[in-house]
Each structure stands twice: as C-alpha cells, then as structure tokens.
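Student: Sharing a structure, written as structure tokens. Questions coming.
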Amino acid sequence: MRAVTWQGKRDVRVEEVPDPRIEEPTDAIVRITSTAICGSDLHLYEVLGPYLKPGDVLGHEPMGIVEEVGPGVTRLKPGDRVVVPFNISCGSCWMCERQLYAQCETSQVTAEGKGASLFGYTSLYGSVPGGQAEYLRVPYAEFGPIAVPETGPDERWLYLSDILPTAWQAVKYADTPRGGTLAVFGLGPVGQFCARVGRHLGAERVIGLDLVPERLEMARRHGVEVLDVSQLDDVADTLIKLVDGRGPDAVIDAVGMEAHGAPLGKAAQTAAGLLPDKLAGPMIDKVGVDRLVVLKAALKAVRRGGTVSISGVYGGEVDPLPLMEMFDRGIQLRMGQCHVRRWTDEIIPLLAADDDPLGVEDLRTHRLSLAQAPQAYEMFQKKEDGCVKVVLAP
C-alpha cells in the first residue's frame, strides 16, 4: 500500500510499505477514505525527528471503512464507517475505567515514561504506524473506533479523530463561566474549534488571537472577536484592558512548543536538531525547552482566579514559568492529551444536526491526494495559499 513516510527533517515521502494485517484478536483493518495533517504533525516535520526513523508512517487523524476484524471484535463488521481516535486505548484498564483514555495502562509506553500509544507519533508513543496511508491496523477495535453514519461528507465526522475532541476538552478544562469571556491563543484548526465550542457551551465573549489573516477571517465568520497579535505591543495588557480591566475568565493556549516570537527557544530547538539522534533525543526529552511566549502571555492575561487550559503540545522539561505570579494571582492550570472517547458521545449529536452548529464543514481549506502529501506538509507549515486545514484522500 502507499503511505506517507518520514525520511528526515522537512522530508516526507509517499512510498510503498507492507499492507497491515490482523495481528491480535481485537484488531481491525480500516481502508482509509480521508486522513488529515495535524498541527502536531508539523512538530515531527521540524523538531521531533530524533524520535523517528526513516520509513515511519505518519498520521493520526484518519477515518474510513472497516475491511476486516479479528475474532475478538463483535462491535464492528466489514463495511462499517468509522473514525479512528489518535490515542490507542483498551477501554477497560484502571485508567480507561476513569475515562482517562490518553493514559491507558494497556497501551502505555512505560519504557519512555509516556502515556497511551498514539498512531504515527514517534518512538516516545510506541512507533505505531499511522493513518496517512491507504490502510490502517487498529488495535483494541472493540473499543476505539467510532462508528459514524453512512451519510454526510467525511469532513462532517473526520475531526472526531483528534482536533474536535481536543478542542472540546480544552474548553471544558477552561471552565469559562456561562456569560463569561474566553480568549483563545492560536487560531489553527484546534483553536478554531476551541472558539466555536466556547461559544456553543455558553461563553458570552470569545476572543481569538493569531497573526495569519486567513485564520483571523475564518474565526470572524463564526462570531469570534479577533486580535491580530502582530499589531499589538503587549498582548496580555491589551486583553486585560479589553475585558473589564481584569482579563478573560479563561484562556486557552492552542499553540504549543513552536510559537512565533520566541527566538531563544527556537535557537535551542534548532541546536538540538543539529545533534546526532542519540544525543538529541535525550536532550529534547530531559532538558528540552519550548517557545513559551504564548503560554506566558496567557498566564499574564487571564484574570485573577482564572484558568489557563493548554491544548497545544509542549515537550520541554526545564521550561521556566512565572510561578510567583501564578501563585499570587491564583491561576489554575489544566492540560494534557485529549481523552478522545470521553467526549465523542457529547459531540456526535451536534455533528448529526443539519445546521452544523460547530461549523465542521467550514474548516478544511485544501483536499489533496495522498500523493501530494509532501507539498501539503510544506504548504501547511509555511501557511501558504490560505492553508488552515489539509485533508488527504488515499
């Protein structure tokens, strides 16, 4: 089969790889009909290469049609249309019983000190072949895959794999009081959904911050107040003044480790990337630093007693935070990989609604063939051609 493979920094290629097969009784094989490029895939494209090897299959936002199931799978049958969550969870361990599916103890990568295995996301998370491919082997298929209706375009359901539940969790964690104000830093795909979900769940004001014109315009279409951070001298001070002189009740950081405007953090990431993988991997894992300009602005902008919710991916171990200020201002901080299946039952009725209340069909800007993945990665990273979200068709 054809699949998108990692070959080096900023080098992905579509190659022939072995077809997946049933290996365990609870496996399923899914023929992929749509698979998206996630913002966190760009971390693999740029920063996290030391945890990949040439030929690794990328991708963790797939959906498709069940082709085959193992004898232990009774919930699905060939022909079913499913979305595959990015985290691999058994559904029955101690963590899964508490709906902490991103910490599944059955698929947990204990050798690396990490949580549940993820599709297509480095040796830190199990080196599991990903879903930017024609076919995907799905472990624990009796629990993981989400059966969806046969009707509607793939884009109506595809984002259940990651970014929509991730945004839903970020908003739930932010705990904006009904009638309050939520600020969202970063209006990429997850940030777009954070803003829309925030409005849907009762925030009176949602303020989105970014510097890419197409992202700002997309958020504006969905009733979000927008701020172009490239035009602001002090982002946190602007937000405080804009919201009653106190700041927003809650702030979501939907940016993560590769934020713009952090030259020292970028230099450290670049320097680590120049080292041999045997040295770069431990350095990034144990003493890595992130670009914290967005997180620090979020912490300074949120009102006293407010909450900062982090959905953007961070990877540092020695990141300095303004703890005295955080303590004095009573800021709550919540974060973590999304527990996808915890939220999907709440979200699916909204996707089934004719009026598309979350605007899921107004997110994809580019639908390309799997063969065009190298160009798509480059375009997405460089934010060219108005690119906000890319969906690939195998």
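Student: Report the residues of segment 80-103 in range of a label on Lys172: point 7 Å along Cα→C-beta, backbone N strictly under 13 Å from it.
Tutor: The answer is 98-102.
Student: What is segment 145-218 by shape, rounded, prolate or oblate, if you read a ≥ b ≥ c off the alpha carbon gyration tensor as root eigenvalues and call it rounded for a/c under 1.5, prolate for a/b larger than b/c, and oblate otherwise?
Tutor: Details: a/c = 2.32, a/b = 1.45, b/c = 1.60.
Taking the square roots of the gyration eigenvalues as a ≥ b ≥ c, segment 145-218 is oblate.
Student: Most mobile of Leu333, Leu323, Leu358 per a Gaussian network model of the chain (Cα springs, under 10 Å)?
Tutor: Leu323
Student: What net charge is computed for the residues neighbouring Val12, neighbours being all others with C-beta under 13 Å from the C-beta of Val12, Lys and Arg scored +1, Asp and Glu -1? Display every interim value, and only then the final one.
Tutor: Values: positive: Arg2, Lys9, Arg10, Arg13; negative: Asp11, Glu15, Asp41, Glu46, Asp56, Glu378.
Local charge sum for Val12: -2.
Student: Another question about this same structure. Taking the DSSP beta bridges in the chain as the whole, what percent of them are antiparallel, to the nearest 5? If you can, show how the numbers build up before the last one.
Tutor: Numbers: 29 of 56 bridges.
If we restrict to bridges inside the chain, about 50 percent are antiparallel.
Student: Rounded if a/c is under 1.5, else prolate if a/b beats b/c, else oblate: with a ≥ b ≥ c from the C-alpha gyration tensor eigenvalues square-rooted, which is the chain? Display every interim value, and only then the final one.
Tutor: Values: a/c = 1.58, a/b = 1.33, b/c = 1.19.
Because a/c hits 1.5 or more and a/b exceeds b/c, the chain counts as prolate.
Student: Ignoring ligands, DNA and RNA, how do Ser127, Ser117 rank by accessible area with a 1.4 Å probe, largest first? Present the calculation step by step, with values, prior to reporting the outcome.
Tutor: Numbers: Ser127 55, Ser117 15 Å².
Largest accessible area first, the list is Ser127, Ser117.
Student: A further question follows. Determine the sum of side-chain charges near Ser89: Lys and Arg each +1, Asp and Glu each -1, restricted to other residues whose C-beta is under 15 angstrom from that of Ser89.
Tutor: Values: positive: Arg75, Arg98, Lys114, Arg341, Arg342; negative: Glu24, Asp27, Glu97, Glu105, Glu142, Asp162, Asp345.
Value of the local net charge: -2.
Student: Still on this structure, I have one more. Work out, step by step, the length gained on full extension between Ser369 and Glu325: first 0.36 nm times the residue separation, then minus their alpha carbon distance; give nm to one decimal.
Tutor: Numbers: separation 44, 0.36 × 44 = 15.84 nm, distance 4.86 nm.
In short, 11.0 nm is gained.
Student: Mean residue ellipticity at 222 nm from the helices of the chain, using -39,500 (n - 2.57) per DSSP H segment of n ≥ 4 over the full residue count, to the nearest 500 deg cm²/dmol?
Tutor: Working: 13 runs with 115 residues, N = 394.
Roughly -8000 deg cm²/dmol at 222 nm, from the helical runs in the chain.
Student: If you take every residue apart from Ala147 with its C-beta less than 11 Å away from the C-beta of Ala147, what net charge results, scoring Lys and Arg +1 and Asp and Glu -1?
Tutor: Working: positive: Arg75, Lys77, Arg81; negative: Asp80, Glu150.
Value of the local net charge: +1.
Student: Let a ≥ b ≥ c be the square roots of the eigenvalues of the Cα gyration tensor of segment 15-111; is it rounded (a/c under 1.5), or, if not, prolate (a/b larger than b/c) or oblate?
Tutor: Working: a/c = 1.76, a/b = 1.17, b/c = 1.50.
Oblate is the answer for segment 15-111, as a/c is 1.5 or above yet b/c matches or exceeds a/b.
Student: Using alpha-carbon positions, what is the distance between the centroids of segment 326-394 and segment 157-172, in Å?
Tutor: If you average the Cα positions of each part, the centres end up 7 Å apart.
Student: Okay, moving on. Which of Lys300/Lys383; Lys9/Lys383; Lys9/Lys382; Lys9/Lys389; Lys172/Lys383 have a Cα-Cα distance over 23 Å? Intermediate values should be presented prior to the final figure.
Tutor: Numbers: Lys300/Lys383 28 Å; Lys9/Lys383 18 Å; Lys9/Lys382 14 Å; Lys9/Lys389 21 Å; Lys172/Lys383 29 Å.
Beyond 23 Å between Cα atoms: Lys300/Lys383; Lys172/Lys383.
Student: Here's something else I'd like to know. May I ask you to compute the full-extension gain from Leu232 to Ile65, defined as 0.36 nm times their residue separation minus their alpha-carbon distance, rounded to one decimal in nm?
Tutor: Working: separation 167, 0.36 × 167 = 60.12 nm, distance 4.71 nm.
Taking Leu232 through Ile65 to full extension adds about 55.4 nm, to one decimal.
Student: How far, in nm, would the chain grow between Lys53 and Asp345 when pulled straight, counting 0.36 nm per residue and subtracting the alpha carbon separation? Let's see the in-between values first.
Tutor: Values: separation 292, 0.36 × 292 = 105.12 nm, distance 3.62 nm.
Stretched fully, the Lys53-Asp345 segment lengthens by 101.5 nm.
Student: Using alpha-carbon pairs under 8 Å, 6+ residues apart, how would you state the relative contact order of the chain in percent?
Tutor: Here the relative contact order equals 18 percent.
The values are calculated or read from the model by the stated rules, or taken from the named source; none is laboratory data. Given the structure is predicted, the values throughout are model-derived calculations rather than measurements. Note: ideal-geometry Cβ built from the backbone for every residue, glycine included; neighbour counts use all protein chains shown. Ligands, DNA and RNA are stripped out before the accessible areas are found, and what is left, the full protein with its side chains, is counted by its heavy atoms. Shrake-Rupley method; radii C 1.70, N 1.55, O 1.52, S 1.80 Å.
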